[in-house]
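Contents: one structure, followed by commentary.
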């Protein structure tokens, strides 16, 4: 039996399959592993950040800071590797520590000051972007042999597709994200918090550590995403990845996660990312459409999925009303 | 009417003090800050610049204040600015007059506002999400209108709106002041303002009390869209071109910041447009300090972030109860009220 909570995920899957079939019927070469491999590589940084965003949205919050955190991580790595002789692995660890602590601090502000996540992460967005500007306003190239080694790591499919390291990191992040969301106590707490903060509190869930943990994960994954982005572009630029938070939110919603929190799947976000990547790939293949069509189509999809969610909520409420009779007469 | 006036003054006093402090820092870093000249039929001076440059955010925050008062938020204003600017530019490039162009821009803004309003009021989608759709798609639509180029124009009338002078004062200053005065007059001399506050405090009970919250919510988003359109046309007129990518970029955040600095709660309810307008001036004064002091403009964002954090801490419900408890646990004339807060405080520890 299909439960209504599964329906958004199924619709996402159906959309993806349908979109891919449409693309493939127009351009048969889109079925090649080369395109699939590039789809993973090009969307790796967005996918990693979107995993963190999924957790935040599942808990009923929002994190507007991730685009800035990605840019900050990129600039931080570039500046550190340029000015010191630190090994990139150590710099990666340092960057992850900073971004995780940054996310945790935002989570603490949200929990202890009881302020809306929207405005706290807005301040975080300004702060991270400002910190990136202060480090460097110019694009700093990264020329370290270790970067060349990492960028040279790929598995070549017999038919020509190159599955690169960063695509693999994204897939791994999604797998770990799925496990954490559905197989750990922390994951259960996230769902409970999104289902209703007051109820979760009455059930005795550790609200403080859960909230701080969620935003720490989001910050840390944004940091990882920044590392991947710097591997992808071989540079750190403080004006990069403006608006990635919106793409990530869109991917999460298209992936079938309810924006009010409590319902959704990390796996859905994966297909949300792939759908968005597919639109871009189609526009590249077409060649006559301009890139701004991406924004319009994503906006349209976003709208369609929000309306779908709303319809499902109504349907569930209506059914509950008929089964419980006068209980819901208010 | 001494009573209400006195309370208005009391309401905006913190904002006035912050503004005075920001202007004083301006004076420290740039001693000629308050000098105003009259040259070539136009007022010149740093103070005039602050008022002029604050225009887009000031216009946006008028609509944003009303939206936030209903417990909503409008993330799409930046994108709507781009759409309206692009529409006006496209109309004027086709050879129509500036009045038609302005009306077309406002019409586009009204449509966007109506769309947001229907999503929020009829489909009952959370405002952040509902306006996110237009924020994401809006710039694409604007680029569709400009066909991916920066549409430049040389229509005197339209340019006058953004870069012109009326009676020695730059037009944008007059526009935002007039708009602010008009909206304040309308919401405060009628019951509208109170009804909007009622929706923000508790939409359900306001509906039960007979307020047509659906129509009011739609009109509030409509006003926000109109304000955004006006700001967009002014910005486009100022640079004599419509830039779909950068017009109004991140201005929604500045507008929200202005409203928050104005002491309006993001959780809806009581609002003061006057305080928001002063908030917009505060933001511009801070920008001006950074420019005049020769500090790298990169610090702008960091300072804004710290400003938000400071306000968050002050506005936080947790802090205000803490302050209340500290005050209550101090020396009290009545002995029977003192023990209660104390025990609560001990529990908190």
#### Entry: Translational D in µm²/s for chain A (Stokes-Einstein at 25 °C, 0.890 mPa s, Kirkwood Rh from C-alpha pairs)
119 µm²/s
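What is the Cα convex hull volume of segment B:8-69 when expressed per residue in Å³? Could the numbers behind the result be given before it?
On the way: hull volume 7.6 nm³, N = 62.
Expressed per residue, the convex hull around the Cα atoms of segment B:8-69 is 122 Å³.
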## Note on the structure
Label model pair residue B:122, residue A:24: point-to-point distance (7 angstrom along the Cα→beta-carbon line) in nm is 3.9 nm
### Message
Taking R0 as 56 Å, what FRET efficiency do you get between residue A:6 and residue B:293 from their Cβ-Cβ distance, rounded to the nearest 0.05?
### Response
0.45
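How high is the FRET efficiency between residue A:151 and residue B:93 when r is their beta carbon distance and R₀ equals 56 Å, given to the nearest 0.05? Before the final figure, lay out each step's value.
Values: r = 46 Å, r/R0 = 0.82.
The computed FRET efficiency comes out at 0.75.
Taking every residue in A:128-141, how many Cβ atoms of other protein chains lie within 10 Å of its Cβ, on average? Show your work: numbers first, answer last.
On the way: counts 3, 7, 9, 4, 2, 7, 5, 1, 1, 3, 0, 0, 0, 0.
That works out to 3 on average.
Among A:199, A:73, A:137, A:281, rank each residue by its count of other Cβ atoms within 10 Å, from fewest to most, as a rough exposure measure.
Working: A:199 11, A:73 29, A:137 15, A:281 21.
Starting with the residue having the fewest Cβ neighbours, the order is A:199, A:137, A:281, A:73.
Convert 20 °C to kelvin, take the viscosity as 1.002 mPa s, use the Kirkwood radius over C-alpha pairs of the protein assembly as shown as Rh, and evaluate the Stokes-Einstein diffusion coefficient in µm²/s, rounded to a whole number.
On the way: Rh = 26.7 Å.
This corresponds to a translational diffusion coefficient of 80 µm²/s.
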### Message
Placing one identical point scatterer on every Cα of segment A:1-155 and ignoring solvent, what is log10 I(q)/I(0) from the Debye formula at q = 0.10, 0.17, 0.18, 0.19 Å⁻¹?
### Response
-0.56, -1.11, -1.15, -1.18
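Normalised by the number of residues in chain B, what is the relative contact order in percent for Cα pairs under 8 Å and 6+ residues apart?
Values: 572 pairs, mean separation 104.1, N = 349.
After rounding, I find 30 percent.
So what is the diffusion coefficient of segment A:97-169 in µm² per second by Stokes-Einstein at 20 °C and 1.002 mPa s, using a Kirkwood Rh over Cα pairs?
Working: Rh = 15.9 Å.
Calculated translational D: 135 µm²/s.
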#### Entry: Debye log10 I(q)/I(0) at q = 0.23 Å⁻¹ for segment B:166-220, Cα point scatterers
-0.85
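Taking the highest mean first, how do the peptides A:215-228, B:191-204 order by number of other beta carbon atoms within 10 angstrom per residue?
Values: A:215-228: 29.0, B:191-204: 18.0.
In decreasing order of mean packing, A:215-228, B:191-204 become A:215-228, B:191-204.
Which order do A:295, B:124 fall in if you start with the one that has the fewest other Cβ atoms within 10 Å? Present the calculation step by step, with values, prior to reporting the outcome.
Numbers: A:295 25, B:124 13.
Fewest to most other Cβ atoms nearby, the residues stand as B:124, A:295.
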### Message
Need the full-extension length gain, residue B:181 to residue B:103, defined as separation in residues times 0.36 nm minus the C-alpha distance. One decimal, nm.
### Response
26.0 nm
### Message
Please report Rg (one decimal) and Dmax (integer) in Å for the Cα set of segment A:216-330.
### Response
18.8, 63
### Task
First check a/c for segment B:2-302, with a ≥ b ≥ c the square roots of the eigenvalues of its C-alpha gyration tensor; if it is under 1.5, answer rounded, and if not, answer prolate when a/b is larger than b/c or oblate otherwise.
oblate
### Task
May I ask for the Rg/Rh ratio of segment B:226-316, computed from Cα atoms with Rh as the Kirkwood radius, given to two decimals?
1.00
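Enter the mean number of other protein chain beta carbons within 10 Å of the beta carbon of each residue in B:296-304, as an integer.
Numbers: counts 3, 2, 10, 3, 4, 12, 8, 3, 6.
Counting Cβ atoms of other protein chains within 10 Å of each residue's Cβ and averaging gives 6.
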### Message
Run the numbers for residue B:165 and residue B:250: contour at 0.36 nm per residue of separation, minus the present Cα-Cα distance, in nm.
### Response
27.9 nm
### Task
Measure nothing but the geometry: give the 0 to 90° angle between the long axis through the Cα atoms of B:317-328 and the longest principal axis through the Cα atoms of chain B, rounded to 10°.
40 degrees
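Let me have the 222 nm mean residue ellipticity of chain B computed from DSSP H runs of 4+ only, each contributing -39500 (n - 2.57), with the sum over all residues rounded to the nearest 500.
Calculated at 222 nm, the ellipticity per residue is -24000 deg cm²/dmol.
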#### Entry: In degrees, nearest ten, helix B:273-292 long axis to first principal axis of chain B (Cα)
70 degrees
### Query
Relative to a virtual label point 7 Å from the Cα of residue A:308 in the Cα→beta-carbon direction, which members of segment A:259-275 show backbone nitrogen distances below 17 Å?
A:259-261, A:263-275
### Query
Going by alpha carbons, how many degrees (0 to 90, nearest 10) lie between the helix axis of B:339-348 and the longest principal axis of chain B?
60 degrees
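Evaluate peptide A:105-114: per residue, the Cβ atoms of other protein chains within 10 Å of its Cβ; return the mean as an integer. Don't jump to the answer; show the numbers that get you there.
Details: counts 0, 0, 0, 0, 4, 1, 1, 3, 8, 5.
What the average comes to for A:105-114 is 2.
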### Message
For a distance above 23 Å, tell me the whole-number percent of Cα pairs in segment B:14-131 that qualify.
### Response
53 percent
### Message
Just to verify a number: FRET efficiency for residue B:204 and residue A:17, C-beta to C-beta distance, R0 = 56 Å, to 0.05?
### Response
0.85
### Query
Tell me, what is the percent relative contact order of chain A, built from C-alpha pairs under 8 Å that lie six or more residues apart?
34 percent
### Message
Once you place label points 7 Å from the Cα toward the Cβ at residue A:176 and residue A:159, how far apart are they in nm?
### Response
3.1 nm
#### Entry: Cα shape, segment A:67-188, gyration tensor, a/c 1.5 rule
oblate
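Counting helices only, and only those DSSP H runs with n ≥ 4, report the 222 nm mean residue ellipticity of chain A as the sum of -39,500 (n - 2.57) divided by its residues, in deg cm²/dmol to the nearest 500. Kindly include the intermediate steps, with their values, before the conclusion.
Numbers: 14 runs with 243 residues, N = 330.
Rounded to the nearest 500, it is -25000 deg cm²/dmol.
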### Task
Round to a whole angstrom and tell me the spacing of the C-alpha centers of segment B:37-67 and segment A:285-313.
37 Å
### Task
Return A:148, A:63 ranked ascending by Cβ neighbour count within 10 Å, so the fewest neighbours appear first.
A:148, A:63
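None of the figures in this text is laboratory data; all of them are computed from the coordinates on show. Please read these numbers as outputs of a predicted model, since none were measured by experiment. For neighbour counting, all protein chains shown are included, and Cβ atoms are generated from backbone atoms with ideal geometry for every residue, glycine included.
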